[in-house]
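Inspection log for the structure reproduced underneath, given as structure tokens.
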Amino acid sequence: MKVKDLKCMLLAGVLVGGLCACGNQDSKQNSSDNSAQSQTEETVPQQSLVTSHTPSAIKSRGELIVGVKTEGFDFFKDKEGNDSGYEVDIANAIAKEIGEEVKVKFIDSSEKEAMLNSLEKGEIDFAIGSLEASPEMKERFNLSKSYWPWEIGTVSTFALQNNKEKFKSFSDFETAKIAVVKDTDQESMVQTQLPNASLVSCSSINECMEKVKSGEVDIMAADDKDIGDSLKDNTEIINTDITIPEAPEDQGLFIAMMKNNEELQSSINKVITENRENGNIEEWIIKAWSGLMSLSTSADSTSTTAG
């Protein structure tokens, strides 16, 4: 944790040698005391919070507190009002890894940021809710391995031939103007990975290309297979060879825990690795989808009967 540097106040006036020496000694001592106090105030609460959310602390408590948000087949209530969804199954598997007797308590937040704020305050042990590995998330929290069982491709970026040299790394996109087709996975990926970029929504690939040609945007983001045919006879726009996200390990969905909670992160990663490899997570997703569809069908049937 970074601690802000303490700056000493200079006393005005001319002091005699003895008083100056004493003043300097007192100043150094006060600076040391203040620095130690500042470090204690900032690091101890953080360390204390992390300690309260390690596997051993959770096991002693007998309860794993998980932040979730109701969203599709991730997390929902079944016909009996029970917690359901594939992220419920993942959380239950993590609880079992920590201790056979550990129960799971789900805290449902209506918004993602509310859930993440609860995590930072130490009100929950970890957050799971279709979270992506954006730069901001990686800065704020420790993230697990991705639990999404299927490959999620990267998004390619395209620029004018004459502008390619402006973009040599992912960081060059941070404040760029980026064109992307509205309501696509590519749009969501750009929003997550480059929150400070200026996003320009288009209705089609061709519209995005025209915005690149005119200079209205710096680059466009798209799936290779979506833009392939459009580039066949085009010599103005080329692939920059820089993808979003930049790193393969940032693709997928992740569990977030408090910064520096490596012990919990290790336990969670073990569960994710085992259940991705044995196919359990894929089965949990399919089961959750079927359950949600059944719930929806039942609701429609009830509504029709009532009508």
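Odds and ends about this structure:
- In the set (1) more than 14 Å from the chain's Cα centre (by Cα); (2) within 17 Å of Leu253 (Cβ to Cβ), the condition left unmet by Met137 is number (1).
- Test: Phe76 is closer than 24 Å to Thr54 by Cβ, out of contact with any His (no Cβ under 6 Å at 6 or more places or on another chain) and part of a strand (DSSP E or B): no
- Taking the conditions (1) out of contact with any Gly (no Cβ under 8 Å at 6 or more places or on another chain); (2) among the polar types (S, T, N, Q); (3) over 13 Å from Phe126 (Cβ atoms) in turn, Thr54 satisfies each one other than (3).
- Residue check, Ala133 in contact with a helix residue (DSSP H, G or I) (Cβ under 9 Å, 6 or more places away or on another chain), closer than 18 Å to Ile272 by Cα and part of a loop (DSSP other than H, G, I, E, B): yes
- Here segment 200-252 is the region considered, the condition is being without any contact (Cβ under 8 Å) to a residue 24 or more places away in the chain and assigned to a strand (DSSP E or B), and the residue that is surrounded by the most Cβ atoms within 10 Å (Cβ to Cβ) is Cys202.
- Residue satisfying all of: in segment 79-125; assigned to a strand (DSSP E or B) and in contact with a Ser or Thr (Cβ under 8 Å, 6 or more places away or on another chain); farthest from Ile58 (Cα to Cα) among these: Asp108
- Residue in segment 49-70 that is at pLDDT below 95 and in contact with a Leu (Cβ under 8 Å, 6 or more places away or on another chain) present: no
- Check on Val200, of a type outside the set (D, E, K, R), outside the structural domain of Lys138 (by TED's automatic domain parsing) and within 24 Å of the chain's Cα centre (by Cα): yes
- The residues of segment 62-92 that are among the β-branched types (Val, Ile, Thr) and surrounded by fewer than 21 Cβ atoms within 10 Å (Cβ to Cβ), listed by number, are Ile65, Thr70.
- Answer residue from segment 253-281, given it is polar (S, T, N, Q) and more than 19 Å from Asn142 (Cα to Cα) and is surrounded by the fewest Cβ atoms within 10 Å (Cβ to Cβ) among those: Asn278
- The residue that is surrounded by the fewest Cβ atoms within 10 Å (Cβ to Cβ), counting only those in segment 188-199 that are in contact (Cβ under 8 Å) with a residue 24 or more places away in the chain and outside any loop (DSSP other than H, G, I, E, B), is Thr192.
- In segment 129-175, the residues that are surrounded by fewer than 20 Cβ atoms within 10 Å (Cβ to Cβ), hydrophobic (A, V, I, L, M, F, W, C) and in contact with an Asp or Glu (Cβ under 9 Å, 6 or more places away or on another chain): Trp150, Ile152, Leu160, Phe167, Phe170
The values are calculated or read from the model by the stated rules, or taken from the named source; none is laboratory data. On a predicted model such as this, the values are computed, not experimentally measured, just so you know. Note that we place each Cβ from the backbone using ideal geometry, even for glycine, and neighbour counts take in every protein chain shown.
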